[in-house]
Amino acid sequence: MTYDAIILGGGAAGLFCAARAGQRGKRVLVLERAAKPGKKILISGGGRCNFTNIGAGPANYLSANPHFAKSALSRYTPRDFLDLVESHEIAWHEKTLGQLFCDDSAKQIVAMLLSECEKAAEFGGQVDLLCDHEVTDVAYEDGAYLVTANGTLFGAHTLVIATGGPSIPKMGATGFAYDLARQFGLKVVEPRPALVPLTLGGEDVLFRDLSGVAAQVDAHCGKTQFREAALFTHRGLSGPSILQISSYWQHGRPIAINFLPQHGEGWLLNAKNEQPRSTLKSRLKEDLPDRLATTLAERIGIETELGNTPDKALRQAEARLARWEFCPNGTEGFAKAEVTAGGIDTAELSSKTMESRKQPGLYAIGEAVDVTGWLGGYNFQWAWASAEAAAQAI
Ligand code: FDA
């Protein structure tokens with residue numbers, strides 16, 4: 001059997017690319033190292049797969065070139081994917097902030113992708129999926145890619161790298177995409193864990209005692225800010241706002257948390273007028289979980305009733321509560337990272353087709369590429385959109 005294209009990796013991007021290329025009449029082979037395809041889809045969104053975000057746009061992605069994702073994202077939109085989901089009669093709901101989930105199970109998304117692959121036959125195409133086939137070697141000879149998987153050699157003139165990034169190595173994730181890219185002379189932007197919990201040391205270590213406590217906060221890193229829940233853990237900080245900010249955080253930089261983003265300037269002085277007999281601790285308990293309120297009040301060190309506390313001290317307390325600085329000493333690493341930031345340098349790829357500018361017939365899509373989405377369905381949307389861009393070109 002000769003194939004028009006071989007796709008390495010049967011995850012979100014690989015399966016979708018195969019289906020779309022197959023439906024353009026192409027004969028496509030997908031090689032997947034795991035026993036089943038789409039493993040990350042199955043565990044995503046707590047088993048319900050946050051398959052897209054209805055508001056996804058270029059501003060929701062990190063990349064050394066922030067413009068790179070624009071073309072693919074505009075040509076395959078969240079609405080396009082939602083139309084596909086609806087055409088398969090998969091019930092869905094918006095959880096929050098534009099995040100769309102299956103009502104029932106992430107299995108439905110994998111089943112949908114496989115059924116779309118099968119549909120290729122209706123268009124004169126074909127998609128073969130071989131699981132338990134780990135690709136170990138790729139050679140390029142006389143304009144063809146020779147791919148070795150499980151000791152068998154496969155050949156095609158087009159090769160699509162869709163092997164994802166190294167986040168969650170326990171699930172078999174590796175940096176294979178980067179090795180392959182480098183083999184063909186493509187640069188790789190240093191991969192780093194993203195959407196990952198941050199660890200606390202030094203003075204901040206005391207906050208670990210709050211393990212399990214969560215609050216709605218504004219988390220800031222430089223000019224970037226997210227208003228979502230933060231969660232204290234036995235190692236440091238997690239929760240959606242922290243995972244989001246972790247993608248922007250760099251070693252040595254602080255992050256700042258506004259514990260009371262709902263309050264405008266001067267709220268503590270107002271409280272002094274309106275509730276002079278209350279203490280800082282009791283006032284904080286009105287808005288925050290008890291343990292967090294106690295810790296913050298103790299660290300600020302105001303024990304007197306608000307009515308007997310100087311305005312200056314209250315202004316300082318308010319400022320501290322609005323920009324409480326933490327200096328994370330690291331992240332929980334690829335073992336806990338939902339995605340990998342960095343990856344195959346977008347400068348090496350056409351933003352229209354995802355094809356290498358240097359190496360003819362070599363494409364890269366999905367998480368393997370230096371495009372990383374926010375938490376909330378954005379990463380799958382990039383997988384679908386980049387896969388579609390490549391599928392239209394191969
Ligand atoms: P993906 O990792 O999906 O697929 C790569 C495939 O290549 C894998 O199947 C792997 O086995 C295979 N492979 C690797 N090396 C190989 C080799 N040498 N030979 C053959 N095959 C090989 N995103 C989102 O938008 N919404 C969400 O709800 C979630 N939830 C979520 C939860 C958790 C726990 C994680 C870890 C991640 C998420 N994500 C997410 C992120 C999302 O899963 C991720 O961005 C996409 O799966 C990326 O799709 P890819 O196809 O690029 O890689």
Checklist entry - If you go through the range 273-288 one residue at a time, do you hit one that is touching a residue at least 60 places away in the same chain (Cβ under 8 Å) and surrounded by 15 or more Cβ atoms within 10 Å (Cβ to Cβ)? => result yes
Next on the checklist: It is to be established whether one or more residues within the range 197-214 are touching a residue at least 12 places away in the same chain (Cβ under 8 Å) and within 15 Å of the ligand (Cβ to nearest atom).
Outcome noted: yes
Next on the checklist: Show the residue pairs meeting these rules: Cβ distance below 8 Å; 6+ apart or different chains; first residue within the range 310-323 and surrounded by 14 or more Cβ atoms within 10 Å (Cβ to Cβ); second residue of a type in the set (D, E, K, R).
Outcome noted: L314/K272; E318/E265
Checklist entry - Does the range 159-169 include one or more residues that are more than 14 Å from the ligand (Cβ to nearest atom) and either on the phi < 0 side of the Ramachandran plot or at pLDDT 95 or above (or both)? => result no
Checklist outcome for this item: Residues of the range 199-227 being of a type in the set (A, V, I, L, M, F, W, C) and either touching a helix residue (DSSP H, G or I) at 6+ places or on another chain (Cβ under 9 Å) or closer than 18 Å to L375 by Cα (or both), in sequence order, are L200, L206, F207, L210, V213, A214, A215, V217, A219, C221, F226
Item to check | The listed residue being within 17 Å of A18 (Cα to Cα), in contact with a helix residue (DSSP H, G or I) (Cβ under 6 Å, 6 or more places away or on another chain) and crowded, with 19+ Cβ neighbours inside 10 Å, out of I109, I90 | outcome: I109
Next on the checklist: Whether any residue in the range 357-366 is within 24 Å of P166 (Cα to Cα), part of a loop (DSSP other than H, G, I, E, B), more than 16 Å from the ligand (Cβ to nearest atom) and free of Cβ contacts under 8 Å to residues at least 60 places away in the same chain is what I want to check.
Outcome noted: no
Next on the checklist: Given (1) in contact with a strand residue (DSSP E or B) (Cβ under 8 Å, 6 or more places away or on another chain); (2) surrounded by 21 or more Cβ atoms within 10 Å (Cβ to Cβ), identify the lone condition not met by Q126.
Outcome noted: (2)
Checklist entry - Any residue at all in the range 79-95 that is in contact with a Ser or Thr (Cβ under 6 Å, 6 or more places away or on another chain) and touching a residue at least 60 places away in the same chain (Cβ under 8 Å)? => result yes
Checklist entry - In the range 55-69, what residues are part of a loop (DSSP other than H, G, I, E, B) and within 15 Å of K352 (Cβ to Cβ)? => result N65, H67, F68, A69
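The values are calculated or read from the model by the stated rules, or taken from the named source; none is laboratory data. Fair warning: this is a prediction, and the values are worked out from it, not measured in the lab. All Cβ positions, even for glycine, are placed from backbone atoms using ideal geometry, and neighbour counts span all protein chains on display.
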